[in-house]
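Report on the structure given below.
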Amino acid sequence: MAARLEPDAPPVVTKPRWQPKPEVEKVCPVCGKTFVTTYSSKKYCSKECRDREMSKRLSEKQKRARRERHE
Ligand SMILES: [Zn+2]
């Protein structure tokens with residue numbers, strides 16, 4: 001009799017090994033500091049710099065809106 005293939009044998013799967021995200025070196029536009037991040041969308045070195053940039057943008061927008069209303 002011919003040897004039969006084992007029907008319950010699990011298929012051999014080579015699991016993809018988990019790879020850490022590549023680190024990206026970036027320059028913070030607020031303080032000019034070089035920092036390393038794994039997030040490619042990250043722009044600022046810290047929360048403080050992000051907050052500073054956000055409040056700066058906000059105040060500029062408010063200033064502009066005020067001027068438009070005035071003229
Ligand atoms: Zn910074």
Practice problem: Any residue in the stretch 36-57 that's among the polar types (S, T, N, Q): show its pairings with residues that are within 8 Å of the ligand (Cβ to nearest atom) at Cβ separation under 9 Å, as long as the two are six or more apart or on different chains. | Solution: THR37/CYS45; SER46/CYS28; SER46/VAL30; SER46/CYS31; SER46/LYS33; SER46/PHE35
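Conditions tested, residue by residue: (1) near the ligand (Cβ under 10 Å from one of its atoms); (2) modelled with pLDDT under 85.
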| site | (1), (2) |
| --- | --- |
| PRO16 | no, yes |
| LYS33 | yes, no |
| LYS47 | yes, no |
| GLU60 | no, no |
| ARG64 | no, no |
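Filter the stretch 12-52 down to the residues that are among the hydroxyl-bearing types (Ser, Thr, Tyr) and surrounded by 13 or more Cβ atoms within 10 Å (Cβ to Cβ) and list them by number. Reasoning before the result, please.
Filtering the stretch 12-52 for residues among the hydroxyl-bearing types (Ser, Thr, Tyr) gives 14, 34, 37-41, 44, 46.
Across the stretch 12-52, the qualifying residues are THR37, TYR44, SER46.
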Quiz item: With respect to SER55, is the statement that it is more than 16 Å from the ligand (Cβ to nearest atom) and among the hydroxyl-bearing types (Ser, Thr, Tyr) true?
Solution: no
Exercise. Given the conditions (1) touching a residue at least 12 places away in the same chain (Cβ under 8 Å); (2) assigned to a loop (DSSP other than H, G, I, E, B), report the number of the one that LYS15 does not fulfil.
Key: (1)
Practice problem: Confirm whether GLU25 is among the acidic types (Asp, Glu) and within 16 Å of the ligand (Cβ to nearest atom). | Solution: yes
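The values are calculated or read from the model by the stated rules, or taken from the named source; none is laboratory data. From a predicted model like this one, the values you see are computed outputs, not experimental measurements. Neighbour counts are summed over all protein chains in view; Cβ atoms, including those assigned to glycine, are modelled from backbone coordinates with ideal geometry.
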